[in-house]
Amino acid sequence: MKKKLATLFAALGFCLLTTNFAAAQDQRIRLVKGRKIILKGDVSDRGDKTLIFRANKGQRLTIKLIGRDADFVLSGGTAGSVEEYTGETKFWSGKLPPSDDNEYYIRLISNYKVASYTIEIRLQ
């Protein structure tokens, strides 16, 4: 009985740890019109990191990723799904397409074991 209880608690602890790890991979950021935000970090090949921000359709956004082994994908929500606006890239500049909830996502991806990056984001 004690072994079953210990196994149950170990499994529960593992689930809680992995849930917190996955939640830590998403980061909500606040962009201010006319200001550039610079973020540094790293992302591993076992997961990606998503930056979530709010903006209005038609606003100009510029994203520049500095890091040899990392790329990003820009997307937004439309009709209950996530639509990708870019493929894997290091630079994008343009007007934001419509998003149902005005939330947009920058998913950082590693092309190697661990990729260090600096990302510059400007909203106009």
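May I have the extent of the alpha carbons of segment 26-123 along their three principal axes, as whole Å values ordered from largest to smallest?
Principal axes ranked by extent give 35, 30, 20 Å for the Cα atoms.
So which GluC sites (Glu not before Pro) in segment 55-124 pass both tests, a DSSP loop state and at most 16 other Cβ atoms within 10 Å of the Cβ?
Listed in order of number, the matching sites are GLU88.
Near TYR112, within a Cβ-to-Cβ distance under 15 Å, what is the net charge of the other residues, with Lys and Arg +1 and Asp and Glu -1?
Around TYR112, the surrounding residues sum to -1.
When a footprinting reagent is the concern and you count Cβ atoms within 10 Å, what order do PHE91, PHE72, PHE53 take, fewest first?
Taking fewest neighbouring Cβ atoms as first place, the list is PHE91, PHE53, PHE72.
Quick note: the coordinates plus some simple rules give every number you see, no bench work behind them. This one's a predicted model, so the numbers in the text were calculated from it and none came from an experiment. With ideal geometry, Cβ positions are generated from the backbone for all residues, glycine too; neighbour counts draw on all protein chains shown.
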